[in-house]
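Right, one structure below, let's go through it.
The values are calculated or read from the model by the stated rules, or taken from the named source; none is laboratory data. Everything numeric in this text was worked out from a predicted model, so none of it was measured. Cβ atoms come from the backbone with ideal geometry, glycine included; neighbour counts cover every protein chain shown.
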């Protein structure tokens, strides 16, 4: 008959409660985090999205997303890499400098 292994991380060294939740804390679960009032992170994120929906102009948001996607695609391109290696200022460098100047 084989012996059950002992020691940290070995099978059988956790209580049933710790094994089911991953922690001895009764308020912690794997799927939700307790934010004090019993609200999960998912519920909190959803509430923030709903609040922001009325405050942001959808057309402006779509224009910003489109510009972001263009810059992201550019930053992954070979042209961007060549310009960075040659020491030229890229569009992204100019935007970062402008942000720091206006900060």
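Kindly evaluate residue 33 against the criterion of being modelled with pLDDT under 95 and in a helix (DSSP H, G or I). Before the answer, list the steps.
Values: modelled with pLDDT under 95: yes; in a helix (DSSP H, G or I): no.
Spelling it out, it is not the case that residue 33 is modelled with pLDDT under 95 and in a helix (DSSP H, G or I).
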Residues of the stretch 83-95 satisfying the condition of being surrounded by 11 or more Cβ atoms within 10 Å (Cβ to Cβ) and part of a helix (DSSP H, G or I): 83, 84, 91, 92, 93, 95
